[in-house]
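First comes the structure, then the notes that go with it.
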Amino acid sequence: MEIKAWEASAALHVSGMDCADCAAKVEKAVKGLSGVKAARLSFPQGRLEIEYDALQASTGTIIERIRSLGYDAAEYSGRPWGREGQTTFIIGGLDCADCAAHLEKRITMVPGVENARVNFAASTLLVQHQGDKQAILDAIHGLGYSGQVEEGQRLPAPGSFWKTNKYIFPTAISLVMLVLGLLTSQLAVPESIPVGFFIAGIILGGYLELKTGLAVLLSIRELDMNILMSIAVIGAAFLGEFEEAATVVFLFSLGNALQGYTLDKTRHSIRALMDLTPAEALVRQRGITMTMPVEKIMIDDIIIVRPGDKIAMDGEVVRGSSTVDEAPITGESIPVAKNIGDEVYAGTINQLGSMEVRATKLAQDNTIARLTSMVEEAQGQRAPAQQFIDRFARYYTPAVIAAAVMVVVIPVLFLAQPFHKWFYQAMAMLLVACPCALVISTPVSIVAAIGAAARNGVLIKGGVYLEEAGALSVVAFDKTGTLTTGRPVVTDVIPLNVSDQEVVGIAAAIETLAGHPLGEAIVKHARQQQIPIPAVDNFQAVLGQGARAEVGGQAYQIGNYRFFTDLGIELGGLEERIERLQGQGKTVMILGNDREILGLIAVADQIRENAHAAVDKLKRSGISKVIMLTGDNECTARAIAERAGADEYRAELLPEDKVGAMRELLAENHKVAMVGDGVNDAPAMALATVGIAMGAAGSSTALETADIALMADDLTKLPYVIRLSRRTMAIIKQNIAFSLAVKALILLLVVPGWLTLWLAVAGDMGSSLLVTLNSMRLLRTRHSD
C-alpha cells in the first residue's frame, strides 16, 4: 500500500484529565479539527494517537485545541515505551500514604509524563516519560519533598533521625513558643506578650504544613490534611483562640515527626538484606591480589574468601572448601557445606575454611540485588484491601468536609445558635476530615509483612499474593524436587549368582555414558562404596528403556522390565520382587547379559525429612486438602503420597495434564496453591490462585515465575507464609476498625459541642501512630515462632 507524502501520524501525551468523560471530550474535539483523519485517546494513560493530513493540520494545532479545553499535551519522540523511557527518583520526606497519592497525581500532570507510580514503602518514584528529568524534579521539590535520580544506589542510607526528619525543627520551635506563651500568660504581663509567643509558635511551627498544603492545592486542586489544619488554625486565631491554635500546631507537627520516624523504621525493614553484601572484596586478577569495589568485579574474576568474610558475589567455588551460613538468603540457620563446583551467594557468610570463588554474576544481578529489587516492588503494590480503602477515602473526606459546613449552617441559621461556638466545632471537624490512620492501615502492614518474610527466606511478590495466601483451602504439590529431594539414591542391590559389588560395578560402567538421573545415582553409589568402575565398549542407549554395552569383552544390558521382556530374556520369577519394590515407591533397574539376569538395583527419590511435618502443619492451619501431582508411575506416587500425608494424588501426568488438574481443583475449590520448582510446573503455577516455587535461591526462573518463592528447600516455610498472611489480614482489620472507631467517637463529640481542636489533632495523629506501631508487630513474625 502506497503512503502519500501528506499523510502523517503522531502520538501525543495528554495530561490533566481526571475522568473517562474528559478523555471522550478531548478525542471528539480533536476529531473535529480539519485534516484529522482519526484520533484514539487511551485513558488513563493519556496517550492520543492521531492520523492527519499534514497539508491541513499539524501537531501544533492539535496541541493548541487540547490546551484550549484546559488540558496540556506534548508530542512523544516516537520511540516505544520501555525501560529506556523510565526514570526512578528517590524521594525524601514522604511520610504518609495520602502525600504519596498527591505526589503521584502531580507528577502525571508534568508534560511528557505518561505514567508515574510512587512506591511509598521504598520511598521511590518510577516515571515513564519523555524529555528532561528536571521538570519532574521541579514538581517534586514544588510539593516540599527532596528528590534525586536513582543511579543504582537504591534507598539512601538512613541518617540520624534528628538530621533527616524535616519536622524536628518546627516541632521544637512550636514547643518552645507554646511553653513560653503558657508561662507568661500566668504572669502579670501585657496580654500581647503571651499572644505574641503563641503567634510565633503558630507561624514558625506551621509554615511547613501550610507550604505543602498550598502546593498540593495549587498544583492538583485537592485539599489535604495540611491545608485543612492550616484553615482550622487560622479560624481559631480569628476567634481569638491563640493558645489552642498554637497547641494544635505543636501536636500536628509532633505527630508528623513521630509518624515519619515510625514509617522510616518500617520502610527500611528490607535494609538488612541490602546491607549484607560488602562494599569491597579481595580479588585476584592476572596473578595480582587487590581489594576492589564490588561494582568493578567482572564475571570470571577470582574472589578470595577468608574465614569469617561475607561473600561479595554470586559465584562457583573453584578452590578450597568450607561451610557457609546462608540464613540471610534462605532463612536456614544450619550452615551448608561448600566444595569445589558448588554455588555460593552474595551476602552469605563464610565460616571456618578459605575458598576461591569465580564470580558468575555482576553485582547488580546477584541474588541479593534481585531479591531486594523484587521486595521493594512487592511492597509498592496495592493489595485488594488497600484498593478498597483508597476508594473509600476518596468519598469519606469530601463527606466530612460537607458535614463541617452543615455544622456551621444548620445551628446558626436555623437554630439561632452562636456563630463562634459552631464555627469552632466546624474547624475541629476539618482536622478530623483526613483519614490518615485509615489510609495507612493497609500499606504499612503489607510493607512490614513482606519485609519480615524476606528476612525469613520467603519472597512474597505483592500484597495481593500475601492476602490470597491466607484464604487458601487447597494446596497442590509437585512430587520431584518438592515433596522429594529430587536427587535419587540407590536403596537396594539384589545380586543373583554374582556379588553385589560386581552388579554395581558393571551397572555403573554402563551408566557413566547414559547420563540418566537414575543412572547417575548408581554411579555415585559405586564411587561412595569405592567399587571399581571398569571401562566399556560399544555403548548403545535404548530411549525410554535402558542401555547396553560391552564390559571386559562381555555384553551386558541394564534397563526396565519392558526392556528385558522385549529382548526375550526370562526374568525367572522376579516379577513379584520387582512389584514389591515398586510398591515402596522405588524404580527398579535390571542388569543382565544375553543369557540371564545378574541382579536388581532399586533407586528412589528420597522424600524430604520435613515433608510430613509441613503437610501436617498445613492441615492444622485450616487447609482442607493436600494433593500431589506427579508424572511418576502409580505405585511410586501412592507410596510418596502416603509417606508425606497427602490426602490425594494424581499420577502419570504430563505438564498439560497438570494444567487440567489445576483447572479441576479451581472449579471444585475456591482458592488453590501450586507448589513446584518454578520451571517444569510453571503453567500450573501460573493458573493457580498462588504459585509457590521451592528452592528459589540462585534461580532466576523460579524468582520470575512464582508469586511466592521459598528461597530454601524447606517446606515448613509454607505454613509460615499462611500464618503470616492471616496475621497480616487480622492486623489490617484491627487497624481499620480502630481508625474508624476513633473517627466516629471524635465526630460524636460535635453533637453536644464538646469537640476541641487539640483533641481532634491528638485523635487523628495518635490513631495514625498506633496503627503504624500495630503494623510493625509483623516485623517480628518469624518462621520459628
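The values are calculated or read from the model by the stated rules, or taken from the named source; none is laboratory data. These figures come from a predicted structure and were not determined experimentally. Using ideal geometry, Cβ is built from the backbone for each residue, glycine included, and neighbour counts are taken over all protein chains shown. In case anyone asks, the SASA skips ligands and DNA or RNA and just uses the protein heavy atoms, side chains included. Shrake-Rupley method; radii C 1.70, N 1.55, O 1.52, S 1.80 Å.
A compact table of results
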quantity	calculated
Where N is the number of residues in the range 590-700, Cα Rg divided by 2.2 N^0.38 Å	1.28
Which of GLY753, LEU770, ALA730, positive extreme of dipole for the range 722-785 (C-beta unit charges)	ALA730
Total charge dipole magnitude, the range 452-550, about the Cα centre, Cβ charges on Lys, Arg, Asp, Glu only, Debye to nearest 20	360
For the range 553-712, size of Cβ-based charge dipole, Lys and Arg +1, Asp and Glu -1, in debye	560
Interatomic Cα distance distribution for the range 599-662, bins of 10 angstrom, percent	20, 46, 29, 5, 1
Heavy atoms of GLU295 accessible to a 1.4 Å probe, total area in Å² rounded to 10	130
THR587 accessible area, assembled protein chains, probe 1.4 Å, Å²	50
Inter-label distance, nm, simple model (7 Å from Cα along the C-beta direction), GLU634/LEU654	2.0
Set of lysines with alpha-carbon distance to LYS28 below 29 Å, sequence-local pairs under 8 removed	LYS4, LYS37, LYS105
Equivalent-ellipsoid semi-axes of the range 708-756, from the Cα gyration tensor, Å, largest first	44, 7, 5
Rounded to whole Å, sorted largest first: equivalent-ellipsoid semi-axes of the range 465-517, Cα gyration tensor	43, 13, 6
Overall form of the range 491-620 per C-alpha gyration tensor (a/c, 1.5; a/b vs b/c)	prolate
Approximate shape of the range 632-779 as ellipsoid semi-axes (Cα gyration tensor, √5λ), whole Å, largest first	48, 17, 13
Exposure ranking of ARG286, ARG723, ARG608 by accessible area [1.4 Å probe, largest first]	ARG286, ARG723, ARG608
Virtual spin-label span in nm between THR485 and LEU773, 7 Å along Cα→Cβ	4.9
Distance violations [Cα-Cα > 25 Å] among LYS133/LYS211; LYS619/LYS671; LYS619/LYS658; LYS296/LYS461	LYS296/LYS461
Rounded to the nearest 20 debye, dipole of the range 625-772 from Cβ charges on Lys, Arg, Asp, Glu	940
Convex hull volume of the range 723-785 per residue (C-alpha atoms, cubic angstrom)	61
Sites matching GluC sites (Glu not before Pro) across the range 579-611 that sit in DSSP coil, with at most 13 neighbouring C-beta atoms within 10 Å	GLU596, GLU609
Gained length - ASN593 relative to LYS733, 0.36 nm times residue gap less alpha-carbon distance	43.3 nm
In the range 736-785, trypsin sites (Lys or Arg not before Pro) in a DSSP loop with at most 15 other beta-carbon atoms within 10 Å	ARG782
Estimated FRET transfer efficiency when R0 is 45 angstrom, pair ALA613-GLU64 (beta carbons, to 0.05)	0.05
Amide H contacts under 5 Å for LYS361, placed H, 5+ residues apart	ASP314
